[in-house]
Amino acid sequence: MKADTTYASSEHQPKKSGCLKTVLIILAVAVITCALTVWFMNAYLFPKRLKPVELSPKEEKNLEEKLNLLDPFSEASADEKKALARKYSEDNADRTIAFTQREINGLLAKNTDLADRLAIHLSDDLASARLLIPLDQDFPILGGKTLKASAGLVLGFSDGRPHVALKGISLWGVPIPNAWLGGLKEVDLVKEFGGSAGFWKSFADGVENITLEDGRLSITLQE
């Protein structure tokens, strides 16, 4: 009987060890899953507010000079406004408007309440936007949380005409189906809607060139 007891004890030892390993593996998987879930929720579903762009003094000065060219009376003093009063002329007028990515985001930070909720990124032929939308407290399930949206817009100029097309829209990193966007993804809006009188035809007729490259947007207007 003694020999049988010793044998039975040694037989159950591997089973106990195997059960313990299984429990530890399950606990480890649960901890890792919880950690990844918390990270995903914070990074994607409920992101923190964006950091507003702060322009350097030199960038501020360059931006003010550009804005003054568009509206010379906006920041002019009384004497300066008097000096600006002169006969209208388009001779040697600069018809090109150009802004850097930092200048656009700096304008948002300075003149709107979207500074920490909207960011613009410029790359070759593509303008991208990230927008954080606070949801109302009464919104089902996600009330009081923040919706993360992003979108891409293709901008360019070819065959003597500008082209504008929606690249897509995503919510929390999930692309919205084209059917939900009215089938407008990748559709050249100027070509599609610029054939008859309306906004897109007027827009196209007034643009001589568009250049969108990494960090810079330039638009040249027609005479």
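The values are calculated or read from the model by the stated rules, or taken from the named source; none is laboratory data. No experiment lies behind these values; they were computed from the predicted model shown. Cβ: placed from backbone, ideal geometry, glycine included. Neighbour counts: every protein chain shown.
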Would you mention how many residues in segment 153-202 are surrounded by 13 or more Cβ atoms within 10 Å (Cβ to Cβ) and among the acidic types (D, E)?
1
Just need a number here: residues in segment 45-71 that are charged (D, E, K, R), farther than 23 Å from I97 by Cα and at pLDDT below 75.
2
Which one of these is over 19 Å from V53 (Cα atoms), under 20 Å from the mean Cα position of the chain (by Cα) and touching a residue at least 60 places away in the same chain (Cβ under 8 Å): G215, G173?
G173
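Matching residues to (1) at pLDDT below 90; (2) under 25 Å from E54 (Cβ atoms); (3) outside any loop (DSSP other than H, G, I, E, B):
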residue: L122; (1), (2), (3): no, yes, yes
residue: K148; (1), (2), (3): yes, yes, yes
residue: A197; (1), (2), (3): yes, no, no
residue: I210; (1), (2), (3): no, no, yes
Hey, can you tell me all the residues within segment 110-127 that are surrounded by 16 or more Cβ atoms within 10 Å (Cβ to Cβ), touching a residue at least 24 places away in the same chain (Cβ under 8 Å) and not charged (D, E, K, R)?
A115, L118, A119, L122, L126, A127
Among the residues of segment 118-172, how many are under 20 Å from L108 (Cα atoms) and touching a helix residue (DSSP H, G or I) at 6+ places or on another chain (Cβ under 7 Å)?
6
